[in-house]
1. Glu55 - would you say it is over 12 Å from the mean Cα position of the chain (by Cα) and at pLDDT 90 or above?
2. Does the range 77-88 include one or more residues that are under 17 Å from Ala5 (Cα atoms) and at pLDDT 80 or above?
3. Name every residue in the range 21-56 that is surrounded by 14 or more Cβ atoms within 10 Å (Cβ to Cβ), in contact (Cβ under 8 Å) with a residue 24 or more places away in the chain and touching a strand residue (DSSP E or B) at 6+ places or on another chain (Cβ under 9 Å), in order of residue number.
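The values are calculated or read from the model by the stated rules, or taken from the named source; none is laboratory data. Please read these numbers as outputs of a predicted model, since none were measured by experiment. Positions of Cβ are backbone-derived with ideal geometry, glycine not excepted, and every protein chain shown enters the neighbour counts.
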Amino acid sequence: MKALANENRLLILCMLGDGEKSVTELEQALDLRQPTLSQQLARLRADDLVATRREGKTIYYSLASNEAGKTLELMYGLFCSEEAMERRRLIKAASRSAA
């Protein structure tokens, strides 16, 4: 799960949740330099979260499995859904008023 502790890796996984992307597409969409992106993709590959496919000189990345997609959906539900955001706002407001 340490692979999911990095913002860039989470953004990469979120993009791949929408379908296969080339390295160039990821680089442009995430505004990451190629060495940084390569390092993050290598970590995700090592943890079996992404799969690769080569077409000529272009490398394409996708989520490695249904389990990777389910993990991404679960994390989205826990941290990114409107309900999760509202829970965080309520907890923050309660802690401010208690102080």
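1. In short, yes.
2. no
3. If the condition is that a residue be surrounded by 14 or more Cβ atoms within 10 Å (Cβ to Cβ), in contact (Cβ under 8 Å) with a residue 24 or more places away in the chain and touching a strand residue (DSSP E or B) at 6+ places or on another chain (Cβ under 9 Å), then Lys21, Ser22, Val23, Leu26, Leu41, Leu44, Leu49, Val50 are the ones that fit.
Yes/no matrix, rows are residues, columns are (1) touching a Gly at 6+ places or on another chain (Cβ under 9 Å); (2) of a type in the set (D, E, K, R):
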residue: Glu20; (1), (2): no, yes
residue: Thr36; (1), (2): no, no
residue: Tyr61; (1), (2): no, no
residue: Leu72; (1), (2): yes, no
residue: Met75; (1), (2): no, no
residue: Lys92; (1), (2): no, yes
